[in-house]
Amino acid sequence: AGETARSNAIPGTVEADLSVNGNTATIKLSYGAQETRAYTYTFENDTGEEGGAATPSIISPSYVQAVRVVVSTVASTGFRPIQKVNIYRTYGSTATYFNAKLTRVDASTYDDYTNKPTDIGGALESMDWQPSPTALQGIDVTPNGWFVAFRDNMLYMSEPYRPHAWPYSIPFSASIRGVRVARSSVVVTTADGLYVLNGTFPSNAQPMKVEMPQSGIAQRSMVMVDGGVVYASNDGIVMVEGGSATMAAGGALFTRKTWRGRYESALLDASMRFGYHDGCLVMTSKTLGAGFLIRLDEDAGAFSRTTESYDAMFLLPVTDTLYYSVGSNVYRFNTGGAFPMDCCIKYFIYPNSVTFGAGRIKCGGP
């Protein structure tokens, strides 16, 4: 009692309501009863990428009525060509949309005779999937397959393994300077500080402000290193590991005055580029002929200055090679024959007098 039973055995369907009053049971039969349905549709391009769903249409047909669905296609200017239309509808009391295997009448008209869930396909996944906003910067991919990028003060994230769908976003209080993915987090530098984004999926990712008052400079002066991310600030080099940050990597080499005096022009025009290869942080500039190499591995602190100028650098993990470009040419870093460079000596001054018992000079030439 109190439940509605339906049967498709009779064409048009019969809905039966059973009620009991004392010793009397009453069955009420309704022929061709109505139900409320919602229809929507998505476009799918020639690479199999499915877009977001259209605004649903809600109707209440009877069981003796078929439904004709008419879809108006749109131009795909600026996107991949549309290959097919996927039509979805609800069934019964559930709000889930399922793919309706409809009978095609012509290019834009479909007839729906499906009244049972056994006649349908899979559930709709792309309800909120939308293309990425225009003019995104700093695109990077996390180990869990979702992409991250930014525009102005907004951080955007894609569906995991769906780089065409970007339904997630997080606003920041200041403009974003750069984004880099670490092993288990996303490092975000802004004009007013540093944030670390933690979360397995973009739907549960939450930003945490790191107590390091050093804003970033630009996307290209950020790089993933072993265990974290290194970026350039106005006061020096910042290394981020987990939820903490330190300036120790460059603190032994640069004072704030030295850093700004030597690289100020590359900081102001955001021409500083960072690369990383085999435990070595590589800095160069597109406009300033004054770069450096710093060891961050077991030889941490080893420092070399260069006069090279690169347009861009990119690490390709599959070949374990750092590439750099100059003009229209691309080169492999640290391969091929040697070429002359300037060697700059650093003085180490001890606070007290020290008598050394032995010394060693290691070099490959005079």
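We did not get these values from a lab; they are worked out from the coordinates using the rules stated. This one's a predicted model, so the numbers in the text were calculated from it and none came from an experiment. Here Cβ is always computed from backbone atoms with ideal geometry, including for glycine, and neighbour counts include all displayed protein chains.
Compute the relative contact order of the stretch 63-143 as a whole-number percentage, counting only Cα pairs closer than 8 Å that sit 6 or more residues apart in sequence. Relative CO of the stretch 63-143 lands at 28 percent. Non-local lysine pairs in the chain, meaning eight or more places apart or on different chains, with alpha-carbon distances under 22 Å, amount to 4.
Find me the longest stretch of the chain that has none of the exposed chymotrypsin sites (Phe, Trp or Tyr not before Pro), where exposed means in a DSSP loop (not H, G, I, E or B) with at most 12 other Cβ atoms within 10 Å.
With chymotrypsin sites (Phe, Trp or Tyr not before Pro) excluded where exposed in loops, the chain gives 162-346 as its longest stretch.
If R0 is 25 Å, the Cβ-Cβ spacing of GLU211 and ASP152 corresponds to a FRET efficiency of close to 0.50. If you take the charge dipole of the chain about its Cα centre, with +1 on Lys and Arg Cβ and -1 on Asp and Glu Cβ, which of ALA149, GLY236, THR96 is farthest toward its positive end? Working it through, the farthest residue towards the positive pole turns out to be GLY236.
Simple point charges give the picture: +1 on the Cβ of Lys and Arg, -1 on the Cβ of Asp and Glu, and for the stretch 15-148 a dipole about the Cα centre of about 300 debye.
A Cβ-based charge dipole, computed about the Cα centre of the stretch 234-366 with Lys and Arg at +1 and Asp and Glu at -1, lands at about 420 debye.
Since only SER72, PHE333, ILE120 are under comparison, the one whose Cα sits farthest along the positive direction of the charge dipole of the chain, derived from C-beta charges on Lys, Arg, Asp and Glu, is PHE333.
Extension gain, TYR31 to SER60: 0.36 nm times the residue separation minus the Cα-Cα distance gives 8.9 nm.
The distance between label points at THR134 and SER72 comes to 2.3 nm (points 7 Å beyond Cα on the Cα→Cβ vector). Exposed loop sites, defined as trypsin sites (Lys or Arg not before Pro) outside DSSP H, G, I, E and B with at most 10 other Cβ atoms within 10 Å, are absent from the longest region of the chain, namely 1-345. Across the chain, the relative contact order, built from alpha-carbon pairs under 8 Å that are at least six residues apart, equals 6 percent. Each residue of the stretch 93-98 was assigned a 3J(HN,Hα) from its phi angle through the Karplus expression (A = 6.51, B = -1.76, C = 1.60, θ = phi - 60°), giving 8, 6, 8, 6, 8, 10 Hz with x at Gly and Pro. Think of each Lys and Arg Cβ as +1 and each Asp and Glu Cβ as -1; about the Cα centre, that makes the dipole of the chain roughly 820 debye.
To the nearest 500 deg cm²/dmol, what mean residue ellipticity at 222 nm is calculated for the chain from DSSP H runs of n ≥ 4 alone, each contributing -39,500 (n - 2.57), summed and divided by the residues? It would help to have the intermediate numbers written out before the result.
Values: 2 runs with 17 residues, N = 366.
After summing the helix terms and dividing by the residues of the chain, the value is -1500 deg cm²/dmol.
Set against the labelled values (1) 148; (2) 132; (3) 236, volume of the Cα convex hull per residue in Å³ computed from this structure falls on (3).
Were the residues from ASP320 through ARG104 laid out at 0.36 nm apart, the gain over their Cα-Cα distance would be 72.6 nm.
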